[in-house]
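Enquirer: Handing you this structure, nothing more for now.
The values are calculated or read from the model by the stated rules, or taken from the named source; none is laboratory data. Bear in mind the structure is a predicted one, so any value in this text is a computation, not a measurement. Note that each Cβ is placed from the backbone with ideal geometry, even for glycine, and that neighbours are counted across all protein chains shown. The accessibility values were calculated without ligands, DNA or RNA, using every heavy atom of the protein model including side chains. Shrake-Rupley method; radii C 1.70, N 1.55, O 1.52, S 1.80 Å.
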Amino acid sequence: MAAAAASEHTPLDPLDLPEGHPFGPHNLPYGVFSRADESPRVGVRLGDHVLDAGAAADSLGSPHSPLLARRTLNPLLAAGRSAWSEVRRAVTSWVTDPAHRDAVRPHLHPLASVTLHLPFEVADYVDFYASENHATNLGKLFRPDEAALKPNWKHLPVGYHGRAGTVVVSGTDVVRPSGQRKGPQDPAPVFGPSVRLDIETEVGYVVGAPSPQGVPVPLSSYRDHVFGLCLLNDWSARDIQNWETVPLGPHLGKSFATSISAWITPLEALDAARVPAPERTVPLLPYLDDSDADPAGYDLRITVALNGEVVSEPPFAGMYWTGAQMLAHMTVNGASLRTGDLYGSGTVSGTAENERGSLIEMTWNGQRPLELADGKRGFLADGDEVTMTAWAPGPAGTRVALGEVTGRIVAHP
């Protein structure tokens, strides 16, 4: 009976997914995969399978083959919004129209049988600080006798430029970084592995269409340039960062690794999850004023697990600054966009204690360690594995799952 019951819920044909499957035809995120002894190629996730998009396009005689029969997503990203919509409509038809089944089915491969790669070549990387709750928590921790937020925080999206070359795909081990650190009571700095290694639960925005230098990108052009979203963990060595960020911004404490999910969810798949930003409590300058703009926030529900135990569920809907505002601010000085640019939201934190997106908040800078099955944690230990997953409301009551981002800490050699 158990086997019969299982067969009722496990489709034999990968094209026959249960109705409302979070990786169903209403989602269709893009990635890059390879099979044994084969080159990487663009794939589209459907359920627990990946569709070889280029091979399917060739089989069906699709004009989109030049964008899909590639080793990275960059050619598709660069093609622009109209091409993104056309390709999405085509892929949706391939996996839903019975007339295409025989042509498509041979190009679907079980996820367990493939290797997933970094889905695009990262051009530049910018990280923001867009959660009022996160910024407030850190302000209370480090400046208890001052206002939690700096005077500029509600006037502009605070950010810094990171290191594109150390963006890695989910599943890549993260080597514990070394650097200088100095505690308040230490007479001099010491050098060695970080002892306060942390996570940052974030959402990443993947830029497709570029922009010329000297031409700012307005709020209204956000969807013309941003292809989709991914989950992002911007690992942080808090002790190294604390010593080096006087007076400039993050450097070695952040540049050693940034992990992203292997799947990029197109913005079109998240239309049902769009929400307005929270009420603005400070008037915004015109280039950031979104009071009359289309909603650019997203109702994403994130789960953070440490060694398999859920430690936080940060809600993304309450982020003070939206992706459109971050993009507008990032380019308002005339900085250009390049295909493959990536920018992160900064740590996502809610108002409740179980909604904090970093260990420094969850443990209040290590003063209140987490009680886990394998012991207490103030910050990350070698061997710890962090996994972030998320979903968003989809059309007609469905859910849209975002690809997970996972990383395991390994000791410094």
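Enquirer: When the stretch 208-226 is examined, which residues are found to be surrounded by 24 or more Cβ atoms within 10 Å (Cβ to Cβ) and either part of a strand (DSSP E or B) or of a type in the set (K, R) (or both)? Walk me through it before giving the result.
Expert: Of the stretch 208-226, the ones surrounded by 24 or more Cβ atoms within 10 Å (Cβ to Cβ) are 208, 217, 226.
Scanning the stretch 208-226 gives a single hit, V226.
Every residue, every condition in (1) in contact with a Lys or Arg (Cβ under 8 Å, 6 or more places away or on another chain); (2) in contact (Cβ under 8 Å) with a residue 12 or more places away in the chain, yes or no:
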{"site": "G249", "(1), (2)": "no, yes"}
{"site": "S261", "(1), (2)": "no, yes"}
{"site": "E279", "(1), (2)": "no, no"}
{"site": "S291", "(1), (2)": "yes, no"}
{"site": "P295", "(1), (2)": "yes, yes"}
{"site": "Y298", "(1), (2)": "yes, yes"}
{"site": "V311", "(1), (2)": "no, yes"}
{"site": "G318", "(1), (2)": "no, yes"}
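Enquirer: Name the strands (runs of 3 or more DSSP E) wholly inside the stretch 6-64 in which the number of residues that are open to solvent by 30 Å² or more (accessible area, probe 1.4 Å) and at pLDDT 95 or above is 1 or more.
Expert: It comes to 41-46, 49-52.
Enquirer: Take N333 and decide whether it is over 13 Å from F128 (Cβ atoms), assigned to a helix (DSSP H, G or I), open to solvent by 40 Å² or more (accessible area, probe 1.4 Å) and touching a residue at least 24 places away in the same chain (Cβ under 8 Å). If you could, list the steps in order and put the result at the bottom.
Expert: Numbers: over 13 Å from F128 (Cβ atoms): yes; assigned to a helix (DSSP H, G or I): no; open to solvent by 40 Å² or more (accessible area, probe 1.4 Å): yes; touching a residue at least 24 places away in the same chain (Cβ under 8 Å): yes.
Taking the combined requirement at face value, the residue does not satisfy it.
Enquirer: Tell me which of these G159 doesn't satisfy, since it passes every other one: (1) closer than 23 Å to I264 by Cα; (2) among the small types (G, A, S); (3) open to solvent by 30 Å² or more (accessible area, probe 1.4 Å); (4) out of contact with any helix residue (DSSP H, G or I) (no Cβ under 8 Å at 6 or more places or on another chain).
Expert: Unmet condition: (4).
Enquirer: I would also like to ask the following. Out of the residues in the stretch 354-413 meeting the condition of being aromatic (F, W, Y) and open to solvent by 30 Å² or more (accessible area, probe 1.4 Å), tell me which one is farthest from P22 (Cα to Cα).
Expert: For the stretch 354-413, the residue satisfying everything is W364.
Enquirer: Another question, if that's okay. Please go through the stretch 121-142 and pick out each residue that is crowded, with 20+ Cβ neighbours inside 10 Å and closer than 21 Å to N74 by Cα.
Expert: Matches in the stretch 121-142: V122, Y125, V126, D127.
Enquirer: Only residues in the stretch 64-76 that are free of Cβ contacts under 8 Å to residues at least 12 places away in the same chain and closer than 14 Å to D52 by Cβ count as the first member; pair them with residues that are open to solvent by 30 Å² or more (accessible area, probe 1.4 Å) and of a type in the set (F, W, Y), Cβ under 7 angstrom, at least 6 apart or cross-chain, and list the lot.
Expert: Close Cβ pairs satisfying both conditions: none exist.
Enquirer: Then there's this: Name the residues in the stretch 375-413 that are in a loop (DSSP other than H, G, I, E, B), modelled with pLDDT of 95 or more and either closer than 23 Å to V168 by Cα or not small (G, A, S) (or both), would you?
Expert: Selection gives F379, L380, A381, D382, G383, D384, T398, A411.
Enquirer: Could you tell me which residue of the stretch 227-245 is farthest from L28 (Cα to Cα), considering only residues that are open to solvent by less than 20 Å² (accessible area, probe 1.4 Å) and aromatic (F, W, Y)?
Expert: Once the filter is applied, the top-ranked residue is W235.
Enquirer: While we're on this one: Can you tell me which residue is nearest to N137 (Cα to Cα) among those in the stretch 345-372 that are outside any loop (DSSP other than H, G, I, E, B) and touching a residue at least 24 places away in the same chain (Cβ under 8 Å)?
Expert: Keep residues of the stretch 345-372 that are outside any loop (DSSP other than H, G, I, E, B), which gives 353-355, 359-362, 370-372.
Narrowing the set further to residues that are touching a residue at least 24 places away in the same chain (Cβ under 8 Å) leaves 354-355, 359-362, 370, 372.
Details: N354: 13, E355: 12, L359: 12, I360: 9, E361: 7, M362: 10, L370: 17, L372: 23 Å.
This residue is E361.
Enquirer: Count, please, the residues in the stretch 65-84 that happen to be open to solvent by 30 Å² or more (accessible area, probe 1.4 Å), farther than 28 Å from T398 by Cβ and assigned to a helix (DSSP H, G or I).
Expert: Matching residues across the stretch 65-84 total 3.
Enquirer: Do you know which of the residues in the stretch 85-120 that are over 22 Å from H21 (Cα atoms) and touching a strand residue (DSSP E or B) at 6+ places or on another chain (Cβ under 6 Å) is surrounded by the most Cβ atoms within 10 Å (Cβ to Cβ)?
Expert: Among residues in the stretch 85-120 that are over 22 Å from H21 (Cα atoms) and touching a strand residue (DSSP E or B) at 6+ places or on another chain (Cβ under 6 Å), the one surrounded by the most Cβ atoms within 10 Å (Cβ to Cβ) is P119.
Enquirer: Do any residues in the stretch 141-164 that are farther than 22 Å from F256 by Cβ have Cβ atoms under 8 Å from those of residues that are polar (S, T, N, Q) and surrounded by fewer than 12 Cβ atoms within 10 Å (Cβ to Cβ), where the two are at least six apart or on different chains, and which pairs are they?
Expert: K154/T281
Enquirer: Looking at the stretch 242-283 only, could you name the residues that are in a loop (DSSP other than H, G, I, E, B), of a type in the set (A, V, I, L, M) and touching a Leu at 6+ places or on another chain (Cβ under 9 Å)?
Expert: If the condition is that a residue be in a loop (DSSP other than H, G, I, E, B), of a type in the set (A, V, I, L, M) and touching a Leu at 6+ places or on another chain (Cβ under 9 Å), then A262 is the only one that fits.
Enquirer: Among the residues of the stretch 249-283, write down those that are among the hydrophobic types (A, V, I, L, M, F, W, C), surrounded by 15 or more Cβ atoms within 10 Å (Cβ to Cβ) and more than 23 Å from L46 (Cα to Cα).
Expert: Passing the criteria: L252, F256, A257, V275, A277.
Enquirer: On to the next question. Within the stretch 294-327, which residues are open to solvent by less than 10 Å² (accessible area, probe 1.4 Å), assigned to a loop (DSSP other than H, G, I, E, B) and in contact with a helix residue (DSSP H, G or I) (Cβ under 7 Å, 6 or more places away or on another chain)?
Expert: L300, P314, Y320
Enquirer: Report yes if V174 is in contact with a Lys or Arg (Cβ under 8 Å, 6 or more places away or on another chain) and either open to solvent by less than 10 Å² (accessible area, probe 1.4 Å) or modelled with pLDDT under 95 (or both), otherwise no. Break it down into steps so the answer makes sense when it comes.
Expert: Values: in contact with a Lys or Arg (Cβ under 8 Å, 6 or more places away or on another chain): yes; either open to solvent by less than 10 Å² (accessible area, probe 1.4 Å) or modelled with pLDDT under 95 (or both): yes.
In short, yes.
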